[in-house]
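Please treat every number below as a calculation from the coordinates, not as lab data. Given the structure is predicted, the values throughout are model-derived calculations rather than measurements. Glycine also receives a Cβ, built like all others from the backbone with ideal geometry; neighbour counts cover every protein chain displayed.
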Amino acid sequence: MCLDYGGGHGVFVRIMRDFGFDFRWSDCYATNIYARGFEGDVHLRHELVTAFEVFEHLVDVRAELAALFEPRHRYILVSTLVVAESTQRYDAHLSPSPMHRP
């Protein structure tokens, strides 16, 4: 079983399930719209955990990573936006939306 951590509205989980992969959704800041019924638990061990564009939004990345590593998932696949130029605010490069809170 796989888990999309910080899965937003569940689009990625829905797509992966449509392709036959056993993906589950997890996000404590968003509403699961597209993957209802396929909620997962980050505290359970998974074969794969994905976290696309999640960590740049977190206040305490070290604590989130510690919690994410705790169940000893087999694989964790993470992507995040790298901003070349320094900014005053961490979220200055983001477009305004409820998902991107300062």
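For segment 62-77 versus segment 1-53, the spacing of their alpha-carbon centroids is 15 Å. Tell me the GluC sites (Glu not before Pro) within segment 1-55 that lie in a loop according to DSSP and have at most 15 other beta-carbon atoms within 10 Å. Filter output for segment 1-55: 47, 53.
3J(HN,Hα) along segment 2-7, derived from phi through the Karplus expression 6.51 cos²θ - 1.76 cosθ + 1.60 where θ = phi - 60°, amounts to 10, 9, 9, 7, x, x Hz, with x in place of Gly and Pro.
Using the empirical formula 2.2 N^0.38 Å as the baseline, the Cα radius of gyration of segment 2-79 reaches a ratio of 1.01. Charged side chains reduced to their Cβ positions (Lys and Arg at +1, Asp and Glu at -1) give segment 1-48 a dipole of some 80 debye around its Cα centre.
Listed by Cβ neighbour count within 10 Å, with the fewest neighbours leading, 65, 81 appear as 81, 65.
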